[in-house]
Amino acid sequence: MMRQLMRIRAIFVVAIRRLLAQPLLSGVTLLGVTIAVALILTIPIYSESVAFRLLNQRLTERDDQGSRPAFSYMFSYIGSWNDPVNWEATTDLDTYLRQKGGDLGLNVTLFVRH
């Protein structure tokens, strides 16, 4: 057990000595790893921004939305497809949407029920 710990310690000691023996090589290697990580991270950031731009563009281009904002939510129930719903049955959902709907981080500018 003690021999294994000494071997592991020796590995770290040798690695540190080699890093300190050639500081320029160590610095350039660190710079290269930093640049590689930065390049790898830019791909998801770029693709996320492109996807957001496309989503925003498609939401604002729609002709059937009328005067609704781009990120508005519209819930509708078509009673002819299913059984009609009484207003009393929708009060829980209505209360939830009025009180907790703002938790999504979007500003509630207009709330319409019909």
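Please indicate, with yes or no, whether at least one residue in segment 42-49 is outside any helix (DSSP H, G or I) and modelled with pLDDT of 75 or more. Quick ask: steps written out before the conclusion?
Kept after step one, since they are outside any helix (DSSP H, G or I), are these residues of segment 42-49: none.
No, segment 42-49 contains no residue that is outside any helix (DSSP H, G or I) and modelled with pLDDT of 75 or more.
Take segment 71-83 and flag every residue that is farther than 17 Å from G102 by Cβ and at pLDDT 65 or above. If you could, list the steps in order and put the result at the bottom.
Of the residues in segment 71-83, the ones farther than 17 Å from G102 by Cβ are 76-83.
Passing the criteria: S76, Y77, I78, G79, W81, N82, D83.
Okay, residues lined up against (1) in a helix (DSSP H, G or I); (2) loosely packed, with under 10 Cβ neighbours inside 10 Å; (3) modelled with pLDDT of 80 or more; (4) over 24 Å from the mean Cα position of the chain (by Cα):
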position	(1), (2), (3), (4)
S26	yes, no, yes, yes
T29	yes, no, yes, yes
F52	yes, no, yes, no
L59	yes, no, no, no
D64	no, yes, no, yes
K100	yes, yes, no, no
D103	yes, yes, no, no
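List the pairs whose first member sits in segment 86-113 and is farther than 12 Å from Y73 by Cβ, whose second member is aromatic (F, W, Y), and whose Cβ atoms are under 8 Å apart, counting only residues at least 6 apart or on separate chains?
R98/F111
The values are calculated or read from the model by the stated rules, or taken from the named source; none is laboratory data. Everything numeric here is computed off the predicted structure, so don't read it as measured data. Neighbour counts are summed over all protein chains in view; Cβ atoms, including those assigned to glycine, are modelled from backbone coordinates with ideal geometry.
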